[in-house]
Structures are given as structure tokens and as C-alpha cells.
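Laboratory data are not the source of any read-out in this text; all were calculated from the coordinates shown. Source: prediction; values computed, not measured. Heads up, the Cβs are rebuilt from the backbone with ideal geometry, glycines too, and the neighbour counts pull from every protein chain shown.
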């Protein structure tokens, strides 16, 4: 299975207040995010993290990543400073990129941390997945009357990764049941 997620902000106590997250502390949030992730993601599943994994240093990022199931792919976010001086642990990420187009299930999924107003194959059904904006809707939304965009952030997806099947289902609903 393939999953998408964004804006986890492991170890970031201020995000609880900024985003009205239902946690009393960063430790409680981290435990819930880890439990939710591992309750849906299995060891061989792929997870595309669309930025803002943590603001902590590389050693702490590695500790968080080690506790999470799946093969992880990282799209760099504005708060992922640990990547600037990061010596990748081979078990942490399959790769780290700024932007990526995933081709699966006869569709294109354009992955970028920020919401954008147009993307590769925008006119041909490609779905843009993003994070960064935290509390907006997770529904597939029409952009410019044509493209479909989906917020993969944890704040609007039950604090868990969302499956490619769920993204496609929401996209089809937005497209009128194709």
C-alpha cells in the first residue's frame, strides 16, 4: 500500500497550540502520531512524507523515523532543517526530494510540500498532494475548475497517514464518481 502524510512536527510543542491539536504535550502527540502511523502502515508499505516531519536535529529525526513502519520517501518542507546537515541513515529514507511525480493506479500524483495552483498534468487528472497549511480540508478540492488537490497533513486526516485508495476515492467523488 502507498500512504501520504505531512506536517507531523514530531517533538514540536508549539504546533499543539498553533494548530489546536488535542494533545497535552509533545510527548503525548509524538506517541499518538507513532501509534496512528503504525496502526495503518506495514513494514513493506511506502509512505511519502510531504514535509515538516520534525524541527529537531538529525539524531532525533532518526529516532522518530526508526519507530515508524514502512519505506519512507521525503519531500522537503520548510521546517525540515535537519536535512541540511543530515547524513542519511539508509534505513530512514529511500530518497529526499523537493518535488516528485508518482505514477500509480493509472494516475499521476504530484507531491510537493506547498499547495500550488497548477502542476504537471493538471489538465489530465493528476492529483496534487501537499501539506504546509495544516488545518484546511482534506477533501479533494478543485483548483482553477480543473485540477484536484488534496491536503495530506495529519491535522485534517485523523493524525494518521492517508492511503492512495482513500485519495483516489475522494478524487473520484470530487470528479463526480468517475
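What to note about this one:
- As a rough footprinting exposure proxy, the listed residues 55, 1 were ranked by other beta carbons within 10 Å of their own, and the order from fewest upward is 1, 55.
- For the chain, built as a Gaussian network whose Cα springs stay under 10 Å, the top-fluctuating residue of 126, 32, 152: 32
- Neighbour counts of other Cβ atoms within 10 Å put 111, 83, 129, 68 in the fewest-to-most order 83, 68, 111, 129.
- Against the chain, whose longest principal axis comes from its Cα atoms, helix 164-174 is set at around 40 degrees.
- Helix axis angle, 26-40 relative to the chain longest principal axis, alpha carbon, degrees: 50
- Arranged from fewest to most other beta-carbon atoms within 10 Å of their beta carbon, 72, 103, 97 become 103, 97, 72.
- Calculated FRET efficiency for the pair residue 59/residue 24, C-beta based, R₀ 22 Å, to 0.05: 0.30
- Residue with peak Gaussian network fluctuation, the chain [Cα springs, cutoff 10 Å], from 77, 158, 11: 158
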